[in-house]
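Enquirer: Sharing a structure with you now.
The values are calculated or read from the model by the stated rules, or taken from the named source; none is laboratory data. Note that the coordinates shown come from a computational prediction; the quantities given were computed from them, not determined experimentally. Note: ideal-geometry Cβ built from the backbone for every residue, glycine included; neighbour counts use all protein chains shown.
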Amino acid sequence: MSMENSLPISHRQRLWLYALGGLVMLFLIAPSVIIVIMSFSASSLLQFPPREWSLRWYESYFGSLEWRDATIVSVKVAVMTAIVATLLGTAAAYAVNARTLRLTGAINALLTASLIIPVILIGIGTFFLYARVGLNNTLTGLVIAHTVQALPLVVLTVLSGLRSYDMNQEMVARSLGAGRFSAFFQVTMPQIRFSIVSGALFAFITSFDEVVVSLFISGGETTTLTRRMFNALRDQIDPTIAAISTCLIVLSIVLLSAAQLFGRGR
Amino acid sequence: MRSARLHDGAGATLNADALRADARRESFGLLALLSPGLLLVFAVIIVPIGWLFWLSLFDEAGQLSAANYARFFEQASYIKTFVTTFKVAFTVTGACIVLGYPLAYMLSQLPRRAAGVCLIFVILPFWTSVLVRTYAWLVILQRKGLVNTWLMDLGVIAQPLSLANNFAGVVIGMTHIMLPFLVLPLYASMKTIDVDCLRAGMNLGASPAATFRQIFLPLSLPGLASGVVIVFVLCLGFFVTPALMGGGKVIMWAMRMEQTTSLYSNWGAGAALGVVLLAVTLALLGLFQWLLGARATGVWSQR
């Protein structure tokens, strides 16, 4: 019996709970595991476990110009989104944290609006707006749209970092003659840098995995990876997508571990 | 700070003025930090939605009318879309409660270390692309997919079951995607339940089942409610999985919006659908906040 949870119930009495929880965990993780394994299959039929192994689907992914272009577009957009969203989000979180402005409720609502508003509505609205200002099918348009969607995550992550930081330290620096910016960059930022990095990673992955808005506003030369995958899935089940999916899963694991690692340094 | 002579009245006023000017400068500085983000959200989200709302008020001839909204009650196909959407949303939310509550309960009872490891099983899918997970379920559930192949090889069934491209497929795929949105806030709220309360109950002679029912369950309900609200609201506007796994038979709200605007270029009708969807979403979130005084968006700050 563990110390922190000293209810007089033995693990044995709880076996049913562990079994049930284990099944749900299996339900959650099995699809990803199956896709990773199937991506190494030699057959174009869906067999599990695969009878023969090969890297042909990875060759087909990396060898295809279309898939490669789409991947490059997605990486470019995600990197730029991460940079812009982190800058704007950190600045906004700093201002919100100061709590001296009026209308804090309205400001928070506006900053986190894209989490609440149905994505399909954002997609249609953005497409409609971009059609008038000529931003459809452009990298700039994608970066702007993805930044709006990533902004709330950066704000929330950086805010949680600022909440566990004592703002008086910055006040001390300023009363000792440091300017606002140098006080922030020399005193505050080194202490909340882990939250800022985590926020940037979340912004990157939000942009990279974004589907719905990209379906509307990307196309032609700026077709994102997710848009191309969506269209491919509508037509037929191409095992190349299993290889791409595996790459995306690995990317998620890498970014999450990085965020976790940085989070621990806090 | 500025040298101030506090002993005379004039000095005090002077000082107060300087302080007020300083506070104003401070506010302007903060506003300047906020404004790029706020402007962007305003331009890309608020402006287009306002514009769409305006469009929805006019019929195809450009006359001010409620025709775009009236058709929701008149055309059977719209009514069917709403019924389907709510049916899917209720089923998925129910499935998430049934699967998510035991998992969150288990996580909350495990020692810290073990819980951390098990949480990976919730967080990793949460951060895996929706598209990847939908593809996985297509592979597993379709006609020549894994489940059917297995069952037929084992001789359990003679004909493949239709699991994908229908209601069942949409529900299974969406449950998988929504489950973490229920488990994470529920787990967080269960962690805050004081074990001493449970211990006291058992000390006083309650059985484990009675302790759970009378103490733990009621205390976990606010967390459950916030998970349920967020899952339900996300279901209403969900697009990717029904579009890929519905086989053209399960038309949900968001798909209808996409079809109306992209396929038929009927912006007024599509916008009206969007306005009602947003209104329903905000009403549900508002009701939740009013009833429980908590914000359902908390799930994002925990992940």
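Enquirer: Could you tell me whether the stretch A:208-221 includes any residue that is part of a helix (DSSP H, G or I) and modelled with pLDDT under 85?
Expert: Looking for residues that are part of a helix (DSSP H, G or I) and modelled with pLDDT under 85, one finds none in the stretch A:208-221, hence no.
Enquirer: Are any residues in the stretch B:20-64 under 14 Å from residue B:268 (Cβ atoms), aliphatic (A, V, I, L, M) and either in contact with a Pro (Cβ under 6 Å, 6 or more places away or on another chain) or more than 8 Å from chain A (Cβ to nearest Cβ) (or both), and if so, which ones?
Expert: Result: B:55, B:57, B:61, B:64.
Enquirer: Filter the stretch A:102-118 for residues that are under 17 Å from the mean Cα position of the chain (by Cα) and among the polar types (S, T, N, Q) and give the result.
Expert: Selection gives A:112, A:114.
Enquirer: I'd like to verify a number: residues in the stretch A:35-48 that are surrounded by fewer than 19 Cβ atoms within 10 Å (Cβ to Cβ) and either at positive phi or within 10 Å of chain B (Cβ to nearest Cβ) (or both), how many?
Expert: Residues flagged as surrounded by fewer than 19 Cβ atoms within 10 Å (Cβ to Cβ) and either at positive phi or within 10 Å of chain B (Cβ to nearest Cβ) (or both) within the stretch A:35-48 amount to 4.
Enquirer: For the stretch B:202-223, which positions are surrounded by 13 or more Cβ atoms within 10 Å (Cβ to Cβ), at the interface with another protein chain (Cβ under 10 Å from one of its Cβ atoms) and more than 29 Å from residue B:289 (Cα to Cα)?
Expert: Residues satisfying the conditions are B:202, B:208.
Enquirer: Does residue A:242 meet the test of being surrounded by 15 or more Cβ atoms within 10 Å (Cβ to Cβ) and touching a Ser or Thr at 6+ places or on another chain (Cβ under 8 Å)?
Expert: When the stated conditions are applied, residue A:242 passes them.
Enquirer: Which condition breaks for residue A:44 when tested against (1) in a loop (DSSP other than H, G, I, E, B); (2) assigned by TED's automatic domain parsing to the domain that holds residue A:220?
Expert: (2)
Enquirer: Does residue A:88 meet the test of being buried (at least 21 other Cβ atoms within 10 Å of the Cβ), under 28 Å from the mean Cα position of the chain (by Cα) and either within 8 Å of chain B (Cβ to nearest Cβ) or within 29 Å of residue B:121 (Cβ to Cβ) (or both)?
Expert: yes
Enquirer: Under 9 Å between Cβ atoms, which residue pairs at least 6 apart in sequence (or on different chains) link something in the stretch A:152-169 that is more than 17 Å from residue A:85 (Cβ to Cβ) and in contact (Cβ under 8 Å) with a residue 60 or more places away in the chain with a partner that is of a type outside the set (Val, Ile, Thr) and part of a helix (DSSP H, G or I)?
Expert: Matching pairs, first to second residue: A:163/A:97; A:164/A:195; A:167/A:97; A:167/A:98.
Enquirer: Yes or no: the stretch B:162-170 includes at least one residue that is within 22 Å of residue B:248 (Cα to Cα), among the polar types (S, T, N, Q), touching a residue at least 60 places away in the same chain (Cβ under 8 Å) and not in a helix (DSSP H, G or I).
Expert: yes
Enquirer: Would you point out which residue out of A:191, A:149, A:186 is under 16 Å from residue B:43 (Cα atoms) and either more than 12 Å from every other protein chain (Cβ to nearest Cβ) or of a type outside the set (A, V, I, L, M) (or both)?
Expert: It is A:149.
Enquirer: Residue under question is residue B:91, and the condition is that it be in a helix (DSSP H, G or I), hydroxyl-bearing (Ser, Thr, Tyr) and buried (at least 20 other Cβ atoms within 10 Å of the Cβ); does it hold?
Expert: No.
Enquirer: Can you find a residue in the stretch B:163-179 that is at pLDDT below 90 and among the small types (Gly, Ala, Ser)?
Expert: The answer is yes, given that some residue of the stretch B:163-179 is at pLDDT below 90 and among the small types (Gly, Ala, Ser).
Enquirer: Which one of the conditions (1) over 30 Å from residue B:180 (Cβ atoms); (2) hydroxyl-bearing (Ser, Thr, Tyr); (3) in contact with a Phe, Trp or Tyr (Cβ under 6 Å, 6 or more places away or on another chain) does residue B:85 fail to meet, given that it meets all the rest?
Expert: Going through the list (1) over 30 Å from residue B:180 (Cβ atoms); (2) hydroxyl-bearing (Ser, Thr, Tyr); (3) in contact with a Phe, Trp or Tyr (Cβ under 6 Å, 6 or more places away or on another chain), residue B:85 breaks only (1).
Enquirer: Within the stretch A:230-239, is there a residue that is assigned to a helix (DSSP H, G or I), touching a helix residue (DSSP H, G or I) at 6+ places or on another chain (Cβ under 6 Å) and not hydrophobic (A, V, I, L, M, F, W, C)?
Expert: no
Enquirer: Being modelled with pLDDT of 95 or more, within 9 Å of chain A (Cβ to nearest Cβ) and part of a helix (DSSP H, G or I) is true for just one of B:99, B:124. Which residue is that?
Expert: Going through B:99, B:124 in turn, the sole match is B:99.
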